[in-house]
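The structure appears below as structure tokens.
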Amino acid sequence: MKKIFTDMYVGGRWWPTENTFFDMNPSDDTLWAEVPDVGINEVQSAIDSANHAFEKWSELSFNQRAHFMIKIAEIFEKRKMDIVSALQGEAGGWFGKGMFEASYVPEIFYAAAAMNYAAIGEIIPSEFGKLSMAIRRPMGVVSVISPWNFPTLLTARGIAFALSAGNTVVLKPSEETPYCGGLLFAEIFEEAGVPGGVLNVITCSRDNVSTVGEEMVEHPLVKGISFTGSTAVGREIAARAGAHLKKCCVELGGKNALIVCDDADMDRATGAANFGSFMHQGQICMSVEKILVQESVLPEFLDRFKERASKLKIGDTTKDKSHMIGPLINDRQVARVKSQIDDALEKGAEIVLGGKVDGRFVEPTIVTGVTSDMTLYRDETFGPVVSVIPFGTDEEAVAIANDTEYGLSSGVITKDEYRGLGIAQKLETGMCHINCSSVNDEPHAPFGGLKSSGVGRHGGRWATDTFTETRWITLERGGRGFPPGF
Ligand code: NAD
């Protein structure tokens, strides 16, 4: 059933807005929801509300804020099945992806609640015998901008730790998923009785996004920014935040490699390749985009990988739970994927599986003969297309894996754990998973990239670092004199 929202959630109330925009189901292009299309005035009132709510929220005791996080988690659990169906309808994901995402989100809020019971600072030695403390305090209003691919999970990750630490938030979800990444949170926070203004949700179309985004960074009351999305937009946001000397965490794109060594368990390797490359149509920042396979095991790997991937069923995910490969989110994404395939074929690459593009549906595609002059090798694909590239030595594998501007995640498959750790040490990625695909996330672990994949970390105590400021406080106890004459 179509969802209609004409009001925006600011200051704990729903306010009528003048304009709306359409939110389409990517599988069949039917209208899925209609949501507010706000401009600069509404952003300013959301920021004012967040600022107004900050003092009381930050002064609640640590466990009161933790209890709110737990309540939110429980409502997410209760609403799990309608969230799964919203994720499928609004974002085109497979049923299993929806189940994973809807189950993971409460864990993020539980982890954020748990952080509030951890130490908030340290006692450090003092040359003068002072009581010398490094303590954390919340920043104030944090702007959170989230993407469409795991909209509920990535919004939760952006807001939960920021809020539990005592900040208040203005949230702007992607225009592709304004419900699952935004308005759903407004509904749940309202039901949990979270004080008004602690979370404010604004939605806008692509036409208004640069004005809205600019204000969310530049407004003087905004003290911190959490952005998850493409490297191109993230770079602009970080530059703007830098100009205002604001703390900014940007989680961006990736070109992640999976390295399959000659001693790999082939079942594990092909499973990691299949899941890592094709889960959610490859629309995961951590998706495997290059598989580097040691020459001696390449024929066996390719045969078994093709066999696995050819079994993935494609189709409208809302119609059949067995449709594991749904549509790409929009026509822009399809055009980008298609142009990378065409460029690779023109320059001599070969498709060994898939390659067909039917509207928004792209077959799981395996490409060989990929060279460094191809866009498929260099640029993020964000679709179900993966290159398989041979290597001779471990040093060669590391060099090919690192031959990218990105540095988000990676995977290494080997039965030799020392070898795996040795390779992991040399990979220029924020995350590396031995005997697994590059796609891994746990709410309490440090998530984030190196190089053009971002700056800052989400997850556990690293998220608390991201969303707080450290202060040095000392208490003099008679050990610090002043120079004679003062
Ligand atoms: P995007 O950069 O187009 O959009 C991300 C968000 O930024 C959306 O909310 C969008 O509305 C907003 N936005 C767009 N232009 C803006 C502007 N000028 N000012 C302010 N906000 C603006 O990215 P996307 O297409 O939504 O997501 C896909 C990208 O996100 C991929 O590159 C993927 O790798 C990356 N991603 C990274 C992570 C991570 O944790 N590293 C996670 C998921 C996705």
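The values are calculated or read from the model by the stated rules, or taken from the named source; none is laboratory data. No experiment lies behind these values; they were computed from the predicted model shown. Cβ sites come from the backbone with ideal geometry, for glycine too, and all protein chains shown count toward neighbours. Note: accessible area is taken over every heavy atom of the protein model, side chains too, but ligands, DNA and RNA are not part of it. Shrake-Rupley method; radii C 1.70, N 1.55, O 1.52, S 1.80 Å.
Here are some notes:
- Ser226 among the hydroxyl-bearing types (Ser, Thr, Tyr) and surrounded by 22 or more Cβ atoms within 10 Å (Cβ to Cβ): yes
- Filter result (within 12 Å of the ligand (Cβ to nearest atom) and of a type in the set (A, V, I, L, M)) within segment 438-462: Val439, Leu450, Val455
- Flag for Asn149 being farther than 28 Å from Ile284 by Cα and out of contact with any strand residue (DSSP E or B) (no Cβ under 7 Å at 6 or more places or on another chain): no
- When restricted to residues that are within 23 Å of Pro220 (Cα to Cα) and either buried (at least 24 other Cβ atoms within 10 Å of the Cβ) or within 14 Å of the ligand (Cβ to nearest atom) (or both), segment 139-154 contains 6.
- Evaluating Glu469 against the criteria (1) open to solvent by 30 Å² or more (accessible area, probe 1.4 Å); (2) more than 15 Å from the ligand (Cβ to nearest atom); (3) under 20 Å from Cys285 (Cα atoms) leaves one unmet condition, (3).
- Qualifying positions in segment 119-138 - more than 22 Å from Ile159 (Cα to Cα), of a type outside the set (Gly, Ala, Ser) and surrounded by 17 or more Cβ atoms within 10 Å (Cβ to Cβ): Lys130
- For segment 235-254, a residue qualifies if it is surrounded by 17 or more Cβ atoms within 10 Å (Cβ to Cβ), among the charged types (D, E, K, R) and within 20 Å of Thr429 (Cα to Cα), and exactly one does: Glu251.
- Taking the criterion of being of a type in the set (Gly, Ala, Ser), under 21 Å from Gly460 (Cα atoms) and within 12 Å of the ligand (Cβ to nearest atom), the residues of segment 155-183 that qualify are Gly158, Gly181.
- Among all residues of segment 200-214, there is none that is more than 21 Å from Gly12 (Cα to Cα) and crowded, with 24+ Cβ neighbours inside 10 Å.
- Hits in segment 177-193 (condition: open to solvent by less than 10 Å² (accessible area, probe 1.4 Å) and assigned to a loop (DSSP other than H, G, I, E, B)): Thr177, Pro178
- Screening the candidates Lys319, Lys313 for the property of being more than 16 Å from the ligand (Cβ to nearest atom), at pLDDT below 95 and open to solvent by 10 Å² or more (accessible area, probe 1.4 Å) yields one hit, Lys319.
- For segment 200-240, the candidate set comprises residues that are in contact with a helix residue (DSSP H, G or I) (Cβ under 8 Å, 6 or more places away or on another chain), part of a loop (DSSP other than H, G, I, E, B) and not hydroxyl-bearing (Ser, Thr, Tyr); within that set, the residue that is farthest from the ligand (Cβ to nearest atom) is Leu221.
- Residues of segment 343-373 that turn out to be exposed (fewer than 13 other Cβ atoms within 10 Å of the Cβ) and among the acidic types (Asp, Glu), as a count: 4
- Residues within segment 320-343 that are of a type outside the set (A, V, I, L, M, F, W, C) and free of Cβ contacts under 8 Å to residues at least 40 places away in the same chain, tallied: 8
- Within segment 441-466, the only residue that satisfies the criterion of being among the acidic types (Asp, Glu) and either open to solvent by 70 Å² or more (accessible area, probe 1.4 Å) or touching a Cys at 6+ places or on another chain (Cβ under 8 Å) (or both) is Glu442.
- Here Ala186 meets each of (1) under 23 Å from Thr20 (Cβ atoms); (2) within 15 Å of the ligand (Cβ to nearest atom) with one exception, condition (2).
- Yes/no for Arg235 being closer than 30 Å to Lys255 by Cβ, in contact with an Asp or Glu (Cβ under 9 Å, 6 or more places away or on another chain) and not β-branched (Val, Ile, Thr): no
- As a summary of the residue check, Ile291 satisfies the conditions (1) open to solvent by less than 10 Å² (accessible area, probe 1.4 Å); (2) within 16 Å of the ligand (Cβ to nearest atom); (3) not in a helix (DSSP H, G or I) except for the one numbered (2).
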